[in-house]
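See below for the structure under consideration.
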Amino acid sequence: MLKHGLLCCLCLLMAHSTLPLVAAEEETPTIRFLKTWGQQGDEPGELHFPIDIVINTTDEIFVTDHLNHRVQKFDLEGKLRAHFPVLPNPGGIALDKQGNLVLSHTLASGSSKHKIADQISIYSPQGKLIRQWGQPGKGPGEFNCPGGIAVAANGNIYVADQTNHRVQVFDPTGQFLFEWGKYGNQPGEFGGKATPNSRVGGPQFLAFDSEGNLWTTEGANCRIQKFTAEGKLLQHWGTAADAPGGLGGYFSGFGGKPVKSLTGPIAVCIDSRDRLWISAVSGRVQQFSTAGKYLRGFGMEQGDDPGQFYAPHGMAFDSQGNLYVVDAYNHRIQKFAVGR
């Protein structure tokens, strides 16, 4: 069984089904489960704690297969198209302006056989290593459990440096530019409700909206924060409620026993209308307005049935507006029609 430290942090091919939907006020499009693929293992197409996902302009799906130390490529139906080894313990993934894959590498699991981490790498879509940088530490360009990655319109690379409780920014070649954030509870700070050396405090994942502002998730503080690309705080919201619209609730995937050290939001993904989709340790995937108004959600019960999750992590949209969710502890990907 995977250890609690794994969090940064079943192949059920079924007919299309409609998921229970909890809406805020007005009627919203029905969320429909479409398909799932993956199961725990190390064979091609199998997954061992996937963490993040990205979809390119030709609808190729790339998934970081954390404990198999590789990236796997799938089509929209979940058919394996390629897989290639990468530096150990890949976590976050994003696309640079040339379509290359930008990865973070973190020792998020006591189950890992490798002890090399705290790096950023860039690979071609075919799996050729282009460059890498970083080492453990607190200085500029050093990392302590880097997590989510986002690439700005100008090509600069933003990294959630989780246990250092900051965001670091690099140019496309990996040269350090600037950083912001520190440990604390005040707006603009990160993770003050966790211990200083805990990576579950945040920031965890990052995403840019259409205006070029950066959104961050913050686990232990059950908070979402919005910054300019230069790091100026614009907004923050979120509650620790274990209910629709809340970002709280504990992980229960270890034999059904709640793990009270694991709570809060994990990933953030922004749709074509700048609405935020937030995954949470509690198993929920929820949609919010930019002002933090709860719009709808699913995965209200943790589990391994279609539409249920154990700690959903990264999310991405294809060109048709379908949502793909990395169901990390179920070692699979789930696909949903969510409307436009």
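For this structure, a couple of remarks:
- Residue count for region 28-49, restricted to those that are more than 11 Å from Lys335 (Cβ to Cβ), in contact with a Gly (Cβ under 6 Å, 6 or more places away or on another chain) and crowded, with 20+ Cβ neighbours inside 10 Å: 1
- The set of residues from region 268-287 being of a type outside the set (A, V, I, L, M, F, W, C), buried (at least 23 other Cβ atoms within 10 Å of the Cβ) and not in a strand (DSSP E or B) comprises Ser282, Gly283, Arg284.
- Selection from region 288-321 of residues that are open to solvent by 50 Å² or more (accessible area, probe 1.4 Å), within 28 Å of Thr58 (Cβ to Cβ) and of a type in the set (Gly, Ala, Ser): Ser319
- All positions within region 288-300 that are under 17 Å from the mean Cα position of the chain (by Cα) and either of a type in the set (A, V, I, L, M) or part of a loop (DSSP other than H, G, I, E, B) (or both): Gly299
- Strands (runs of 3 or more DSSP E) (entirely within region 121-232) containing at least 1 residues that are among the charged types (D, E, K, R) and over 22 Å from Pro312 (Cα atoms): 129-133, 166-170, 176-180
- Residue in region 256-265 that is open to solvent by 10 Å² or more (accessible area, probe 1.4 Å), polar (S, T, N, Q) and modelled with pLDDT of 95 or more present: no
- Of Val63, Val102, all but one fail to be touching a Pro at 6+ places or on another chain (Cβ under 8 Å), buried (at least 23 other Cβ atoms within 10 Å of the Cβ), modelled with pLDDT of 95 or more and not in a loop (DSSP other than H, G, I, E, B); the exception is Val63.
Quick grid of which residues meet (1) more than 25 Å from Thr290 (Cβ to Cβ); (2) of a type in the set (A, V, I, L, M, F, W, C); (3) modelled with pLDDT of 95 or more:
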residue	(1), (2), (3)
Lys138	yes, no, yes
Gly148	no, no, yes
Ala160	no, yes, yes
His165	no, no, yes
Leu177	yes, yes, yes
Pro196	yes, no, no
Gly212	no, no, yes
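- Residues that are in contact with a strand residue (DSSP E or B) (Cβ under 7 Å, 6 or more places away or on another chain) and open to solvent by 30 Å² or more (accessible area, probe 1.4 Å), drawn from region 78-95: Leu80, Arg81, Ala82, His83, Pro85, Leu87, Leu95
- Single residue of region 322-340 satisfying the filter (among the charged types (D, E, K, R) and surrounded by fewer than 22 Cβ atoms within 10 Å (Cβ to Cβ)) that is farthest from Gln302 (Cα to Cα): Arg340
One line per residue, one yes/no per condition, for (1) among the charged types (D, E, K, R); (2) assigned to a strand (DSSP E or B):
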site: Gln302; (1), (2): no, no
site: Asp305; (1), (2): yes, no
site: Gln308; (1), (2): no, no
site: His313; (1), (2): no, yes
site: Gln320; (1), (2): no, no
site: Leu323; (1), (2): no, yes
site: Tyr329; (1), (2): no, no
site: Ile333; (1), (2): no, yes
site: Phe336; (1), (2): no, yes
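- Top-ranked residue of region 217-240 - restricted to ones that are under 15 Å from Glu189 (Cβ atoms) and among the small types (Gly, Ala, Ser), ranked as nearest to the chain's Cα centre (by Cα): Gly219
- Odd one out for Gly99 among (1) touching a strand residue (DSSP E or B) at 6+ places or on another chain (Cβ under 8 Å); (2) under 19 Å from Leu129 (Cα atoms): (1)
- Qualifying residue in region 198-220 (condition: surrounded by fewer than 22 Cβ atoms within 10 Å (Cβ to Cβ), over 22 Å from Leu276 (Cα atoms) and in contact with a strand residue (DSSP E or B) (Cβ under 8 Å, 6 or more places away or on another chain)): yes
- Residue that is among the polar types (S, T, N, Q) and within 20 Å of Lys232 (Cβ to Cβ), where the choices are Ser210, Ser124, Ser198: Ser210
- A single member of Phe170, Phe143 is open to solvent by less than 70 Å² (accessible area, probe 1.4 Å) and within 16 Å of Asn100 (Cβ to Cβ), and it is Phe170.
The values are calculated or read from the model by the stated rules, or taken from the named source; none is laboratory data. Given the structure is predicted, the values throughout are model-derived calculations rather than measurements. Quick reminder, even Gly has a Cβ in these numbers, built from the backbone with ideal geometry, and neighbours come from all protein chains shown. The protein model used for the area step is the full one, side chains on, heavy atoms only, and it has no ligands, DNA or RNA in it. Shrake-Rupley method; radii C 1.70, N 1.55, O 1.52, S 1.80 Å.
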